[in-house]
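J.: A single structure is presented below for examination.
Throughout, read-outs are computed from the coordinates displayed, never taken from laboratory work. What you are looking at is a predicted structure, and each value in this text was computed from that prediction instead of being measured. Methodologically, a virtual Cβ is constructed for each residue, glycine included, from the backbone with ideal geometry; neighbour enumeration extends over all protein chains shown.
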Amino acid sequence: MTVSSEFLEEMKKALLSEKSRMEMELARFADKTDIPGDYETRFEEIGTDRDDNATEVEQYADNIALEENLEGQLSEVNEALSRIDAGTYGLCVCCGADIEEGRLRAYPAAKECMACLKK
Ligand SMILES: [Zn+2]
């Protein structure tokens, strides 16, 4: 398969919109650090009584888990975007074969073909 430029353009658009969606999501509860692509969850003060403190801690823990999840996804998206620039997008990083178009449509940041994913 040779990836057509239309398809590439479409995937790039999808990746960029994913990227901004994730960055917005992260900005709701986390701040960027000096390291590119790294975020730090803010500790939100809700109140000072015991219940408020418990809620704060719980929410903070939830947000940290969410932050890690989003950060991971964001780095996959950024990697996919750099593969587009490098001209290697759509090739499996594992075996070098073409990644199925349907798989890329479903998950534009995919870096492995179905066969390698199942390994
Ligand atoms: Zn592969």
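J.: Which value, in debye to the nearest 20, gives the size of the charge dipole of the chain about its Cα centre, when Lys and Arg are +1 and Asp and Glu are -1 at the Cβ?
T.: 860
J.: Rg and Dmax of the chain, using alpha carbons, in Å: what are they?
T.: 18.3, 62
J.: Now for a separate question. Angle between the Cα long axis of helix 50-86 and the longest principal axis of the chain, 0 to 90 degrees, nearest 10?
T.: 20
J.: Where is the GNM fluctuation largest for the chain (alpha-carbon springs, 10 angstrom cutoff): ASP49, ASP85, ASP31?
T.: Among ASP49, ASP85, ASP31, the largest GNM mean-square fluctuation belongs to ASP49.
J.: How tilted is helix 5-27 with respect to the longest principal axis of the chain? Cα atoms for both, answer in degrees (0 to 90, nearest 10).
T.: That works out to roughly 10 degrees.
J.: Next question. By how many nm would the segment from LYS12 to ALA27 grow when fully extended, if each residue of separation counts as 0.36 nm and the alpha-carbon distance is taken off? Before the final figure, lay out the partial values.
T.: Values: separation 15, 0.36 × 15 = 5.40 nm, distance 2.23 nm.
Taking 0.36 nm per residue and subtracting the Cα distance, the gain is 3.2 nm.
J.: Still on this structure, I have one more. May I ask for the equivalent-ellipsoid semi-axes of segment 25-81, computed as the square root of five times each C-alpha gyration tensor eigenvalue and listed largest first in whole Å?
T.: Working: eigenvalues 150, 22, 9 Å².
After scaling each eigenvalue by five and taking roots: 27, 10, 7 Å.
J.: How far apart, in nanometres, would the label points at ALA65 and SER5 be if each is projected 7 angstrom from Cα along the Cα-to-Cβ direction?
T.: 4.6
J.: Tell me, what is the FRET efficiency for GLU45 and ASN78 to the nearest 0.05, using R0 = 30 angstrom and their Cβ-Cβ distance as r?
T.: Result of the calculation: an efficiency of 0.40.
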